[in-house]
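*Asks:* Take a look at the following structure, please.
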Amino acid sequence: MACLLERTIEKFNARRARVGVLGLGYAGLPLTCCFAEAGFETIGFDVDQSKIQKLRAGQSYIGHISSDRIASLVKDGRLRASAEFSELRDCDAAIICVPTPLGEGRAPDLTYVENTARSVAEHLHPGQLVVLESTTYPGTTDEVLLPLFKPSGLKVGEDYFLAFSPEREDPANASFSTRTIPKIVGGVTPGCGQVAAAAYAALVERVVPVSSARVAEAAKLLENIYRCVNIAMINELKLLFERMDIDVWEVIGASATKPFGFTAFYPGPGLGGHCIPVDPFYLTWKARQYDFSTRFIELAGEINAAMPEHVVNRLTYGLNLMGKALNGARILLIGAAYKRDVEDVRESPAIRIIQLLQERLANVSYCDPHVPRLKTRHLERTLSAQPLTPEVIESSDAVVIVTDHSAVDYELILRHAKLVVDTRNATARFRRPSHKVIMA
C-alpha cells in the first residue's frame, strides 16, 4: 500500500486534490480560502445555511476576511460552499474545524467533533486524508475519531490517513496570517503525518511535523495554557498593586525594557475568545483520568474568571464616590467583542459584565463599532449598539471600557463622561488629573 501513500502525497504536491473543510467559522473559513488560493478545488461545508448562502453570493461574514476575497474565489470556481456532506465522497481531504466547547462541569463537549466525524466516516474512501483542527485534549484523534472510522474496514496509515493539526488563527493580527503561521502536524501513523504535511506544505510557509497526533494536540494546549497562566499572574498582580496604589501598567512597561528573560502580558476584564477561557480545561479534565491534579492551571482559570466581578466592584466603588448607587445607574460599556478590532463575541468578558450589572439592576447599554447587535444565549434580550456621541456619553452615569478598539475616540469619552472605568489602559494618552478615571 506504500504506492497509495506516495500517490496521495503526489496529488497534494501537484494541487490536484479536492479539499473539503468542515466548519466555516473563524478557523475554517480562512483555511478554506487558503486552500482555494493555493490552487486546490475547495469545498467549504457547514450546517448553517446562512453562511452557505452568503459564501455562494460572494459575501464574507467574518470581519478580517473581505467579501472581495470570497467573491473572487467563488467566481473563479476555486471555492464552493455546501451543506451536502455526501460531497465528501469526492474529496481527497476532509479537514474538521468545528467548535469544541465546554459542557457541564467544565467537561469537554465533543458533540460537534463526533457528529462531523460520523459524516466523514460515511464517505471515507481509499486515499482520503482526514485532519482534525479543533482544539481538544491529547488522545482525541486516536481515541475518538479513529474508532469511528474502523467500521469502514479501511486501515489507517495504509488505506486512509488521519492526523491532527491545530488551528492557530489570531483574527485581526496584521503581522501573521494562516499562510505565514507555522503549521504543526502530527499523524496517527508516520505515513499519516507525511500525507498531512504534504497537504499543508502547499499553502503555508512552514510545516512543523511532530511524532504523533497526541503531541500536536498537547502543543496547542500548551500554547493557550501558557497565555492563560501568565495573564492570570498579571491579573493577580493588578489586584495587589491596586491596593498598594501602584500603576500595574507602568510596572509592566518598565519591566518590558529588559531585553531578555521577560515577556509582557497585560491585565484585563477577563478572558475571551474560544481558546484561552476554554482550552486549558480540556487538559485538566483529561489529567484526572491519570489521577493528576492540574492545580496551577485551575487556579489561573479561577483568577481570570473572577475579573468581570472585579470590574463591577470597581465601578460600584467609583459610583459610590459620586454619591450614586449602581441600582438604577445608566452604564455604557465600550466594546462587546473579546479583543480589539474584531467582531467576535465568543466568551467575551463584556457579556458576563453585562449579566452582573443587570443582576444589580443597572441600566446597561453598549457601544462597539464592530458589533452592531449583541445576541447570545447568556443575555435575556438582544442589545443594539449605541452611537458614541457626546449626548450618549453625557447621559450615562459611567462609561466602562471593556475592549480597546482602535476606532473608539477615547478623548471624546474623557471630555464628556462623568466617570470612566478603564480595564485596558485605553485612556492613558489622554488622561488629565481632572478626569474621573478608575482603573480596573
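*Asks:* So which lysines pass the test for Lys286, namely a Cα distance under 23 Å, with those fewer than 8 places away in the same chain ruled out?
*Replies:* By straight Cα distance, Lys286 reaches Lys220.
*Asks:* Let me check against my output: what whole-number percent is the relative contact order of the range 170-292, with C-alpha pairs under 8 Å and at least 6 apart?
*Replies:* Taking the mean separation of contacting Cα pairs over the length of the range 170-292, I get 20 percent.
*Asks:* Report the local net charge at Phe430: Lys and Arg +1, Asp and Glu -1, summed over other residues whose C-beta lies under 14 Å from its C-beta.
*Replies:* On the way: positive: Arg415, Arg424, Arg429, Arg431, Arg432, Lys436; negative: Asp404, Asp409, Glu411, Asp422.
Within the 14 Å Cβ shell, the charges total +2.
*Asks:* Can I ask one more? If R0 is 56 Å, what FRET efficiency do you get for Cys3 and Ala264 from their C-beta distance, rounded to 0.05?
*Replies:* 0.60
*Asks:* From the helices alone, meaning DSSP H stretches of at least four residues, give me the mean residue ellipticity at 222 nm for the chain, per-run term -39500 (n - 2.57), in deg cm²/dmol to the nearest 500.
*Replies:* The helix-only estimate for the chain comes to -11500 deg cm²/dmol at 222 nm.
*Asks:* Moving to a separate point now. Who wins for biggest fluctuation among Tyr410, Tyr137, Tyr366 in a Gaussian network model of the chain, springs between alpha carbons below 10 Å?
*Replies:* So, out of Tyr410, Tyr137, Tyr366, the one fluctuating most is Tyr410.
*Asks:* What Kirkwood hydrodynamic radius, in Å, does the range 6-76 give when the mean of 1/r is taken over all pairs of distinct Cα atoms and then inverted?
*Replies:* 12.5 Å
*Asks:* Rounded to the nearest percent, how much of the accessible area of the range 347-436 (1.4 Å probe, protein heavy atoms only) is carbon and sulfur? Don't skip to the end; give the middle numbers.
*Replies:* Values: 2040 of 4470 Å².
Whole-percent figure for carbon plus sulfur exposure: 46.
*Asks:* Another question, if that's okay. Which value, in debye to the nearest 20, gives the size of the charge dipole of the chain about its Cα centre, when Lys and Arg are +1 and Asp and Glu are -1 at the Cβ?
*Replies:* Computed about the Cα centre, the dipole is about 540 debye.
*Asks:* Suppose each label sits 7 Å from its Cα in the direction of the beta carbon; what would the Glu411-Ser66 distance come out to in nanometres?
*Replies:* The answer from the label model is 2.9 nm.
*Asks:* Given labels modelled 7 Å from the Cα in the Cβ direction, how far is it in nm from Gln358 to Ala287?
*Replies:* That separation, rounded to one decimal, is 3.4 nm.
*Asks:* Taking a cut-off of 12 Å, what percent of all Cα-Cα pairs in the range 96-147 are separated by more than that? Please list the in-between numbers first.
*Replies:* Details: 862 of 1326 pairs.
Distances greater than 12 Å cover 65 percent of the Cα pairs.
*Asks:* Counting heavy atoms of the protein chains only and a 1.4 Å probe, report the per residue accessible area for the range 248-299 as a whole number of Å².
*Replies:* For the range 248-299, the solvent-accessible area averages 56 Å² per residue.
*Asks:* When the dipole is taken about the Cα centre of the range 1-94, and only Lys, Arg (+1) and Asp, Glu (-1) are charged at their Cβ, what size is it in debye, to the nearest 20?
*Replies:* 160 debye
*Asks:* Contour minus end-to-end for Glu394 and Lys75, with contour as 0.36 nm per residue of separation and end-to-end as the Cα-Cα distance?
*Replies:* Numbers: separation 319, 0.36 × 319 = 114.84 nm, distance 4.86 nm.
Result for the pair: 110.0 nm of gain on full extension.
*Asks:* Can you send over the carbon and sulfur percentage of the accessible area for the range 1-112, probe radius 1.4 Å, protein chains only?
*Replies:* In the range 1-112, the share of accessible area belonging to carbon and sulfur is 47 percent.
*Asks:* Between the range 368-385 and the range 316-345, what is the separation of their alpha carbon centroids in Å?
*Replies:* The range 368-385 and the range 316-345 have Cα centres separated by 14 Å.
*Asks:* Now, a different point. Using label points projected 7 Å from each Cα along Cα→Cβ, tell me how many nm separate Lys150 and Phe176, to one decimal.
*Replies:* According to this spin-label approximation, the distance is 3.7 nm.
*Asks:* Please give every one of the lysines within straight-line cross-link reach of Lys436, meaning a C-alpha to C-alpha distance under 26 Å, and leave out same-chain neighbours fewer than 8 residues apart.
*Replies:* Of all the lysines, those that pass the test against Lys436 - Cα under 26 Å, at least 8 places apart if same chain - are Lys238, Lys324, Lys339, Lys418.
*Asks:* Tell me the per residue accessible area of the range 22-137 using a 1.4 Å probe; a whole number in Å² is fine.
*Replies:* 39 Å²
*Asks:* Within a Cβ distance under 15 Å of Arg243, other residues only, what is the Lys/Arg minus Asp/Glu net charge? Before the final figure, lay out the partial values.
*Replies:* On the way: positive: Lys238, Arg314; negative: Glu236, Glu242, Asp245, Asp247.
Combined, the nearby Lys, Arg, Asp and Glu give -2.
*Asks:* Using a Cα-Cα cut-off of under 14 Å, which aspartates and glutamates could be cross-linked to Lys54, ignoring same-chain neighbours fewer than 8 residues away?
*Replies:* Result set, ordered by chain and number: Asp46, Asp68.
*Asks:* Report the Stokes-Einstein translational diffusion coefficient (µm² s⁻¹, integer) for the chain, Rh taken as the Kirkwood radius over Cα pairs, at 10 °C with viscosity 1.306 mPa s. Numbers along the way, then the final one.
*Replies:* On the way: Rh = 23.5 Å.
Reported coefficient: 68 µm²/s.
*Asks:* How many angstrom lie between the C-alpha centres of the range 122-154 and the range 204-282?
*Replies:* 31 Å
*Asks:* Mind jotting down the three principal axis lengths of the range 258-377 based on Cα atoms? Whole angstrom, largest first.
*Replies:* Principal extents (largest minus smallest coordinate, Cα): 51, 40, 31 Å.
*Asks:* Further question on the same structure: Given DSSP loops and a limit of at most 16 other Cβ atoms within 10 Å, what is the longest stretch of the chain that contains no such GluC sites (Glu not before Pro)?
*Replies:* 206-379
*Asks:* Can you give the FRET efficiency for Leu321 and Arg118, using 1/(1 + (r/R0)^6), R0 = 41 Å, r = Cβ-Cβ distance, to the nearest 0.05?
*Replies:* 0.10
*Asks:* Shifting gears a bit: If packing is taken as the mean number of other Cβ atoms within 10 Å per residue, what is the order of 323-336, 279-292, highest first?
*Replies:* Packing order, densest peptide first, comes out as 323-336, 279-292.
*Asks:* Could I ask something else about it? Report the one residue of Ala163, Val248, Ser177 whose Cα lies farthest in the direction of the positive end of the charge dipole of the range 160-291 (charges on C-beta: Lys and Arg +1, Asp and Glu -1; origin at the Cα centre).
*Replies:* Farthest towards the positive end: Ala163.
*Asks:* Along the positive direction of the dipole of the chain (beta-carbon charges: Lys, Arg +1; Asp, Glu -1; about the Cα centre), which of His416, Val215, Ala232 reaches farthest?
*Replies:* The one lying farthest along the dipole's positive direction is His416.
*Asks:* What does the charge count around Leu88 come to, taking other residues whose C-beta lies under 11 Å from its C-beta (Lys +1, Arg +1, Asp -1, Glu -1)?
*Replies:* Details: positive: Arg18, Arg89; negative: Glu84, Glu87, Asp90, Asp92, Glu122.
Net charge in that neighbourhood comes out at -3.
*Asks:* May I ask you to list the residues of the range 422-440 whose amide nitrogen lies under 15 Å from a point 7 Å from Cα along the Cα→beta-carbon direction of Thr257?
*Replies:* Residues passing the 15 Å test: none.
*Asks:* In a solvent-free Debye calculation with one equal scatterer on each Cα, what is log10 I(q)/I(0) for the range 132-244 at q = 0.11 Å⁻¹, listed in the order of the q values?
*Replies:* For the range 132-244, the Cα-only Debye profile gives -0.45.
The values are calculated or read from the model by the stated rules, or taken from the named source; none is laboratory data. Please read these numbers as outputs of a predicted model, since none were measured by experiment. Ideal geometry is used to build each Cβ from the backbone, glycine not excepted, and the neighbour counts take in all protein chains shown. These area figures cover heavy atoms from the full protein model, side chains too; ligands, DNA and RNA do not enter into them. Shrake-Rupley method; radii C 1.70, N 1.55, O 1.52, S 1.80 Å.
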